[in-house]
Amino acid sequence: MIRQFWEIEEVPNAATTSTEEQRCEDHFTSTHFRDSGRFVVRLPLKENANQMDSCRILAMRCFFMLENRLQRNPELKAQYVDFIGEYLQLGHCREVNVVDDDTNIKPYYLPHHAVLRPGSSSSKCRVVFDASVKSSPTNLSLNDVLLIVVFSADITKMYRQINVHPDDTHKQRIYWRENPNDLLKILELLTVTYGTASAPFQATRCLVQLANEEEATFPVAANIIKSDCYVDSVLSGTATIDDAIEAQHQLQ
């Protein structure tokens with residue numbers, strides 16, 4: 001019994017990789033590329049992705065409920081409008097017209113809502129995209145058909161530094177308008193999106209890939225990213241001030 005106890009508590013000598021984790025890694029390796037410095041990734045879809053419903057009606061219904069909530073809370077509405085406006089301004093999403101859709105694609109519409117953070121010093125409102133919503137008849141969500149590698153972190157802009165391949169962005173659509181009297185718009189999110197099951201793996205894997213590709217030019221930064229980085233946070237140190245300054249320059 002004592003031997004079994006210590007075997008359970010013992011840290012394994014080598015990390016094991018599940019079949020799904022290996023599929024994620026193989027998919028990333030074979031499909032990612034860089035465009036003007038930014039990584040472009042494909043959504044790691046499972047084989048049953050073509051069975052997924054668009055969730056269009058459900059997403060529209062959720063948006064109208066959100067709109068009513070925003071109309072009753074001007075302060076929340078202002079923060080929400082600023083968030084979507086920034087998305088558009090930075091080129092992280094674009095407006096699309098469904099009449100231009102290729103007949104071969106199957107779009108997916110993400111409901112979105114506000115999560116209030118009263119104690120936050122920056123923004124009291126965080127917009128969350130819900131990729132777990134299911135719709136009949138298949139009862140599948142976008143997250144149900146994405147390969148998953150588990151990470152635990154709270155990432156914001158790091159995700160939006162990575163572009164999603166144009167062939168996959170139609171699975172990241174949302175409804176939006178600033179005022180109830182405006183025409184309803186369809187926006188397509190163009191970057192890795194918080195709320196999708198594959199986002200943490202894609203963001204972290206791109207960071208490791210960046211370190212691998214730029215190691216010859218930025219050896220100090222590459223080593224820090226590989227050894228002293230947890231998702232978007234770095235905790236590192238050097239023996240001298242000069243070394244710390246050099247590390248700072250390479251990480252910028």
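The values are calculated or read from the model by the stated rules, or taken from the named source; none is laboratory data. None of the values given here were measured: they were computed from a predicted structure. Quick reminder, even Gly has a Cβ in these numbers, built from the backbone with ideal geometry, and neighbours come from all protein chains shown. What goes into the accessible areas is simple: the full protein's heavy atoms, side chains included, and nothing from ligands, DNA or RNA. Shrake-Rupley method; radii C 1.70, N 1.55, O 1.52, S 1.80 Å.
If r is the Cβ-Cβ distance from residue 139 to residue 96 and R0 is 25 Å, what FRET efficiency results, to the nearest 0.05?
Values: r = 26 Å, r/R0 = 1.05.
That pair, residue 139 with residue 96, gives E of 0.45.
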Given 106/226; 77/226; 134/157; 185/226; 46/157, which pairs have Cα atoms separated by over 30 Å? 106/226; 77/226; 185/226
Residue 246 label point, 7 Å along Cα→Cβ, cut-off 13 Å on backbone N: hits in the range 178-220? 218-220
Residue-level accessible surface for residue 160, protein heavy atoms, 1.4 Å, Å²: 20
The long-range amide H neighbours of residue 140, using H built 1.01 Å from N in the peptide plane and a cut-off of under 5 Å, are 53, 135
Expected output is a single nm value to one decimal: the length gained when fully extending between residue 157 and residue 21, i.e. 0.36 nm times separation in residues minus the C-alpha distance. What is it? 46.5 nm
May I ask you to rank 245, 225 by accessible area, largest first, using a 1.4 Å probe over the protein chains only? 245, 225
If the chain between residue 209 and residue 86 were fully extended at 0.36 nm per residue, the gain over the current Cα-Cα distance would be 41.5 nm
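Once you have the Cα-Cα distance between residue 61 and residue 165, take 0.36 nm times their residue separation minus that, and quote the gain in nm to one decimal. Let's see the in-between values first.
Values: separation 104, 0.36 × 104 = 37.44 nm, distance 2.80 nm.
Residue separation times 0.36 nm, minus the Cα-Cα distance, leaves 34.6 nm.
Between residue 226 and residue 178, what is the FRET efficiency for a Förster distance of 30 Å, r being their Cβ-Cβ separation, to the nearest 0.05? Before the final figure, lay out each step's value.
On the way: r = 43 Å, r/R0 = 1.45.
Rounded to the nearest 0.05, the efficiency is 0.10.
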Would you list which aspartates and glutamates come within 18 Å of residue 171, measuring only between C-alpha atoms, while excluding same-chain residues fewer than 8 positions from it? 47, 53, 95, 100, 101, 102, 130, 144, 188
Per-residue ³J(HN,Hα) for the range 127-139, Karplus 6.51 cos²θ - 1.76 cosθ + 1.60, θ = phi - 60°, Hz, x for Gly and Pro: 8, 10, 9, 9, 8, 9, 5, 10, 9, 6, x, 7, 6
Heavy-atom accessible area of residue 102, protein chains in place, probe 1.4 angstrom, given in Å² to nearest 10, is 80
Please calculate the 1.4 Å probe accessible area of residue 53, with all protein chains present, and give it to the nearest 10 Å². 40
When the solvent-accessible surface of protein heavy atoms is calculated with a 1.4 angstrom probe, in what order do 213, 86 fall, highest first? 213, 86
